[in-house]
Amino acid sequence: MARDRVLVVDDEPGVRAMLSAILGDEGYDVLSVPSGEDGVALASERPFDAILLDVWLPGIDGLEALRRMREKGIDAEVVMISGHGTIDTAVKATKLGAFDFVEKPLALEKTLLVVRNAMRQRRLLRRNRALLEQLARDVEILGTSAGAQRVRHEAEAAAGSDASVLVCGERGTGRETIARAIHAGGRRADEALVHVPCGALDETTGGEILFGAAKRPGRLALAERGSIFLEEVDRLPDALQSRLAAWLSLQADLRVLASASPDPAGLHPPLRDRVDVVRIRTVPLRERREDIAFLAARFLRDLAREYGREEKTVAPEALAALTRHAWPGNVRELRNTLERLLLLAPGPVIGLADLPSELGGASPEAEDLYASFPTLSLGVEAFERYFAARAVREAHGDLDAAARRIGLTPKELRSKLR
């Protein structure tokens with residue numbers, strides 16, 4: 001695992017040597033420079049997690065160096081150091097985005113504590129940023145084709161009301177993403193969106209899951225004031241459909257979003273009247289092939305960031321093969337294919353030979369996997385990352401359910417994901 005990186009900017013050689021030694025002993029990767037100009041230049045060339053920056057420096061002082069760093073978009077946590085600290089200096093440093101302020105002579109324990117706190121703050125900010133990016137991706141309806149634009153427009157229009165919405169289409173066409181986008185764009189966005197996989201419910205356990213049992217609230221109660229997403233509502237058993245329709249007729253304070261097959265014949269009145277107020281039809285990927293190049297580039301970028309891998313591109317002949325394929329699993333199948341190619345295809349460019357045989361490639365079996373990784377342990381690690389992330393995604397982010405699905409404890413799964 002990469003070590004956190006610290007830059008020390010101080011004109012006193014003794015201070016630079018001392019801080020480099022104690023921070024290195026703490027496990028940090030430390031570099032040091034004697035001036036503000038050097039600090040700005042080095043921080044512009046390579047990323048640092050924290051910067052210890054002296055206020056009084058030859059040439060530009062620490063405050064000016066901090067200002068230039070922020071102008072250049074350097075987002076490291078900055079701890080200001082000064083032997084002549086004043087309230088005015090501290091206020092200026094804080095306004096420029098400094099994390100904290102320590103005084104000379106440096107108390108080593110306090111300095112280490114401040115650096116640890118700065119690293120903790122940075123990790124939290126990074127985690128929050130990743131979560132926000134993931135949330136944004138979860139509600140983004142991707143594509144530039146006429147069909148994708150139509151669906152996006154209808155979802156935006158539906159978000160402006162509180163009407164029930166039924167999203168009809170084939171599996172893998174983004175029905176859940178559309179529901180999430182409608183919830184995120186509506187007045188209930190700050191409340192919960194509760195997901196119910198109706199196709200997995202039977203009459204006995206399904207009743208408990210939807211309506212609760214004893215002292216345990218059901219999913220409908222958990223969605224109060226928010227929204228509920230009834231995935232594949234047309235596969236809900238008839239008895240539960242009748243019971244759900246009766247419950248919804250009580251004017252419960254929640255919004256109903258649901259998905260169903262292209263022709264939801266399994267959805268019976270009166271539940272149909274409750275959930276099928278606004279209908280949005282998704283477009284299968286084979287009917288919007290012009291989106292495949294856009295989706296491939298987007299998925300490879302997002303997956304590379306998710307796995308911490310170098311981003312890959314698709315060669316023209318491989319992209320042509322992807323575009324010709326019928327994609328019976330739609331966008332979900334395309335994403336899963338690209339996920340496997342990102343992890344297993346050798347080299348920065350995915351060529352025709354890297355594709356599986358059903359797409360016109362050479363079917364990357366054992367020989368290709370052998371060539372993809374220099375050691376067995378690296379190959380096993382790559383597959384474990386893929387397998388764990390895939391299980392969590394298919395469990396809709398429920399780590400406990402994903403762990404049970406692949407035979408791990410939740411703690412073991414969290415370790416794999418880290």
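The values are calculated or read from the model by the stated rules, or taken from the named source; none is laboratory data. This structure is a prediction, so every number in the text was calculated from the model and none was measured. We place every Cβ from the backbone using ideal geometry, glycine too, and count neighbours over all the protein chains shown. The area values use the complete protein model at the heavy-atom level, side chains included, leaving out ligands, DNA and RNA. Shrake-Rupley method; radii C 1.70, N 1.55, O 1.52, S 1.80 Å.
Name the residues in the range 250-282 that are assigned to a strand (DSSP E or B), in contact with a Cys (Cβ under 8 Å, 6 or more places away or on another chain) and not aliphatic (A, V, I, L, M), would you?
Once the filter is applied, which keeps residues that are assigned to a strand (DSSP E or B), in contact with a Cys (Cβ under 8 Å, 6 or more places away or on another chain) and not aliphatic (A, V, I, L, M), the range 250-282 yields SER259, ARG279, ARG281.
Considering each of ARG122, ARG70 in turn, give the residue that is under 20 Å from TYR28 (Cβ atoms) and either surrounded by fewer than 17 Cβ atoms within 10 Å (Cβ to Cβ) or of a type in the set (Lys, Arg) (or both). Give the derivation first.
Numbers: ARG70 fails: under 20 Å from TYR28 (Cβ atoms).
Exactly one residue qualifies, and that residue is ARG122.
So GLU203 clears everything in (1) open to solvent by 50 Å² or more (accessible area, probe 1.4 Å); (2) within 22 Å of PRO269 (Cβ to Cβ); (3) at pLDDT 95 or above; (4) not hydrophobic (A, V, I, L, M, F, W, C) except one condition, right? Which one?
Of the numbered conditions (1) open to solvent by 50 Å² or more (accessible area, probe 1.4 Å); (2) within 22 Å of PRO269 (Cβ to Cβ); (3) at pLDDT 95 or above; (4) not hydrophobic (A, V, I, L, M, F, W, C), the odd one out for GLU203 is (3).
Could we say that ARG171 is under 18 Å from VAL278 (Cβ atoms) and open to solvent by 30 Å² or more (accessible area, probe 1.4 Å) here?
On the way: under 18 Å from VAL278 (Cβ atoms): no; open to solvent by 30 Å² or more (accessible area, probe 1.4 Å): yes.
When the stated conditions are applied, ARG171 does not pass them.
Answer yes or no as to whether THR337 is within 21 Å of the chain's Cα centre (by Cα), of a type in the set (S, T, N, Q), in a helix (DSSP H, G or I) and at negative phi.
Values: within 21 Å of the chain's Cα centre (by Cα): yes; of a type in the set (S, T, N, Q): yes; in a helix (DSSP H, G or I): yes; at negative phi: yes.
Yes: the conditions hold for THR337.
Pairs needed: first member in the range 86-106, farther than 22 Å from GLY14 by Cβ; second member anywhere, at pLDDT below 80; C-beta distance under 9 Å; at least 6 residues apart or different chains.
ALA98/ALA90
Quickly run through the range 77-120 and pick out the residues that are small (Gly, Ala, Ser) and out of contact with any Lys or Arg (no Cβ under 8 Å at 6 or more places or on another chain). I'd like the intermediate steps shown before the answer.
To start, the set of residues in the range 77-120 that are small (Gly, Ala, Ser) comprises 82-83, 85, 90, 93, 97-98, 107, 118.
Correct list: GLY85, ALA90, ALA93, ALA98, ALA107, ALA118.
Here is a list: LEU220, LEU244. Which entry is in a helix (DSSP H, G or I), crowded, with 20+ Cβ neighbours inside 10 Å and within 27 Å of the chain's Cα centre (by Cα)? Step through it out loud before you land on a result.
Values: LEU244 fails: within 27 Å of the chain's Cα centre (by Cα).
Just a single option satisfies the conditions, and that option is LEU220.
Report whether or not THR144 is surrounded by fewer than 18 Cβ atoms within 10 Å (Cβ to Cβ) and not in a helix (DSSP H, G or I).
Values: surrounded by fewer than 18 Cβ atoms within 10 Å (Cβ to Cβ): yes; not in a helix (DSSP H, G or I): yes.
So THR144 passes the test.
Just a yes or no: is a residue in the range 265-281 touching a Gly at 6+ places or on another chain (Cβ under 8 Å) and either within 24 Å of GLN149 (Cβ to Cβ) or surrounded by 21 or more Cβ atoms within 10 Å (Cβ to Cβ) (or both)? Before you say what the answer is, go through the steps one by one.
From the range 265-281, those touching a Gly at 6+ places or on another chain (Cβ under 8 Å) are 281; that's our starting set.
Subset that is either within 24 Å of GLN149 (Cβ to Cβ) or surrounded by 21 or more Cβ atoms within 10 Å (Cβ to Cβ) (or both): 281.
Yes: one or more hits.
Hey, does the range 76-90 have a residue that's open to solvent by 60 Å² or more (accessible area, probe 1.4 Å) and touching a helix residue (DSSP H, G or I) at 6+ places or on another chain (Cβ under 9 Å)? Full working, then the answer.
The first filter runs over the range 76-90 and keeps only residues open to solvent by 60 Å² or more (accessible area, probe 1.4 Å), leaving 84, 86-88.
Pick out the ones that are also touching a helix residue (DSSP H, G or I) at 6+ places or on another chain (Cβ under 9 Å) and you get none.
No, the conditions are met nowhere in the range 76-90.
For the range 18-43, which positions are assigned to a helix (DSSP H, G or I) and open to solvent by 60 Å² or more (accessible area, probe 1.4 Å)?
Selection gives MET18, ASP25, GLU37, ASP38.
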